[in-house]
Amino acid sequence: MTRTSDVLVIGGGIAGISAAARLAVDARVIVLEAEPFLGHHSTGRSAAVFIRNYGNATLRALNAASAAFLAEPSGVADSTLLAPRGELLIAEAGDEARFDDYLAGSDGLETLTPAQASELVPILRPEAISRAVIEWDAQDIDVDRLLSGFAKRLRSLGGEVVTNARVQTISHTNGQWVVSVGPEEFSAPILINAAGGWADQIAGLAGVRKVGLRALRRSAVLIPAPDGYDVRHWPLFANAAEKWYAKPDAGRLLISPAEEHEVEPHDVWPDDMVLAEGLHRFEQAVNISITRVERSWAGMRSFVTDRTPVVGFSPDAEGFFWLAGQGGYGVQTSPALSQLAADLCLGRTPSLNPEVVGALSAGRPALIG
């Protein structure tokens with residue numbers, strides 16, 4: 001038997017679930033998630049800090065468009081999803097060009113001296129800091145409440161989530177996309193590809209031209225708070241050249257080598273050598289040594305060539321909608337991207353600037369060729 005809907009979404013991370021929840025107000029929606037639970041791969045492993053100046057110009061526009069919803073998530077949560085954090089960005093010797101690139105087009109940053117930076121994060125070595133800025137408005141995002149809130153709203157509106165639903169075949173017949181999952185089939189005139197690092201594989205199954213998605217591993221560790229320090233109110237602090245970043249996490253420190261190692265999409269795990277090299281880079285910037293790691297893990301970030309998400313209907317396949325390539329920005333841009341996806345799928349005029357919508361298009365020149 002084939003189960004029908006108006007929209008079929010492949011992928012139960014924050015991208016797919018948030019778009020499905022927005023669509024369910026006006027459409028019948030079914031979400032297919034390959035894993036036993038939602039948000040398993042990228043969403044559930046995100047450091048999840050809302051940083052207005054993170055990403056290129058298009059992403060910064062999406063950040064701005066998402067801010068009000070994260071602060072007042074009507075229909076998804078009963079209180080703000082944000083908590084004060086701050087982001088301290090530092091340049092070490094040789095990082096100045098990357099630092100200047102980040103500052104270009106930025107807003108709301110305050111320049112600090114090396115001494116001021118090390119006052120905020122006392123383990124930083126001021127002599128190792130060339131330049132520093134802080135974004136005071138950067139805030140932690142409660143990812144669990146965001147994802148579960150969208151999922152709850154989706155179900156309350158009659159939408160369905162099917163887990164353990166690994167896609168096997170996809171076909172397009174008589175204006176309907178038909179997806180087989182084991183003995184079951186699902187069909188809808190609109191198929192949203194929100195499969196994260198697997199999005200190009202889903203396109204391949206559907207016979208749709210791929211967008212050149214690259215799945216990149218990023219690792220992290222959790223260490224005890226350095227002796228004598230209460231880290232809870234420290235900002236996230238990061239190297240401008242993305243050699244490492246660190247942030248407080250429940251009284252401990254999360255540290256990432258900030259690597260981007262291309263991998264085949266899978267349930268990724270950390271590489272011990274990559275972790276060791278990244279932690280060594282971190283130790284060059286601080287006055288502590290890392291003697292114990294409590295936990296390590298890795299997640300996938302997926303990008304296309306121009307590092308901008310792909311959101312819109314495929315130019316070569318009727319009803320095939322891309323919602324992919326969010327990179328490391330998927331959680332904080334999900335309010336804006338999910339609204340855009342719903343608007344485009346339902347034929348409404350998007351509230352986003354047309355230039356931003358065009359920059360996200362699945363038919364943009366950067367994806368052709």
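Each reported figure results from applying straightforward, stated rules to the coordinates on display, with no laboratory input. Nothing here was measured: the structure is a model prediction, and the numbers come from that model. When we count neighbours, we look across all protein chains shown, and the Cβ atoms used for this are built from the backbone with ideal geometry, even at glycine.
Jot down the per residue volume, in cubic angstrom and as a whole number, of the convex hull over the alpha-carbon atoms of the chain. Before the final figure, lay out each step's value.
Details: hull volume 48.9 nm³, N = 369.
In the chain, the Cα convex hull volume per residue is 132 Å³.
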* Structure fact -> Computed ³J(HN,Hα) along the stretch 340-348: with the Karplus parameters 6.51/-1.76/1.60, θ = phi - 60°, integer Hz and x for glycine or proline, the list is 4, 4, 5, 4, 5, 5, 9, x, 9
* Asked: In sequence order, what are the phi-derived ³J(HN,Hα) couplings for the stretch 279-285 according to the Karplus relation 6.51 cos²θ - 1.76 cosθ + 1.60 with θ = phi - 60°, rounded to whole Hz, with x for glycine and proline?
  -> 5, 5, 4, 4, 5, 5, 9
* Going from the alpha-carbon gyration tensor of the stretch 240-294, what semi-axes, largest first and in whole Å, does one get by taking the root of 5 times each eigenvalue? -> 21, 14, 11
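Within 10 Å of each residue's Cβ, count the other Cβ atoms and sort Y245, Y329 from fewest upward. If you can, show how the numbers build up before the last one.
Numbers: Y245 22, Y329 26.
With the sparsest Cβ surroundings first, the list reads Y245, Y329.
Given 10 °C and 1.306 mPa s, how large is the Stokes-Einstein diffusion coefficient of the stretch 277-361 in µm²/s, with Rh as the Kirkwood radius over Cα pairs? Numbers along the way, then the final one.
Details: Rh = 15.8 Å.
D, rounded to a whole number, is 101 µm²/s.
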* Structure fact -> Taking the stretch 110-195, the whole-percent share of alpha-carbon pairs separated by over 23 angstrom is 57 percent
* To do: Rounding to the nearest 20 debye, state how big the charge dipole of the chain is about its Cα centre with +1 on each Lys and Arg Cβ and -1 on each Asp and Glu Cβ.
  => 680 debye
* To do: Using a cut-off of under 13 Å, list every residue of the stretch 27-68 whose amide N is near the label point 7 Å from the Cα of E242 along the Cα-to-beta-carbon line.
  => 54-56
* Considering the stretch 52-132, what Rg and Dmax in Å follow from its alpha-carbon atoms? -> 15.8, 48
* Structure fact -> Taking Cα atoms only, Rg over Rh for the stretch 151-287 with Rh from the Kirkwood formula is 1.13
* Equivalent-ellipsoid semi-axes of the stretch 1-80, from the Cα gyration tensor, Å, largest first -> 26, 16, 13
* **Value of relative contact order over the chain, rounded to a whole percent, pairs C-alpha under 8 Å and six or more apart** => 23 percent
* Structure fact -> Ranked on Cβ counts within 10 Å of their own Cβ, fewest leading, K152, K210 go K210, K152
* Structure fact -> Charge dipole of the stretch 1-137 built from unit charges on the beta carbon (Lys, Arg +1; Asp, Glu -1), centred at mean Cα; most positive-end Cα among V29, V133, I17 is V29
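How would you rank F303, F237, F313, going from fewest to most other Cβ atoms within 10 Å of each one's own Cβ? It would help to have the intermediate numbers written out before the result.
On the way: F303 23, F237 26, F313 18.
Ascending number of Cβ neighbours within 10 Å: F313, F303, F237.
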* Asked: Helix-derived [θ] at 222 nm for the chain: sum -39500 (n - 2.57) over DSSP H runs of at least 4, divide by residue count, nearest 500?
  -> -8000 deg cm²/dmol
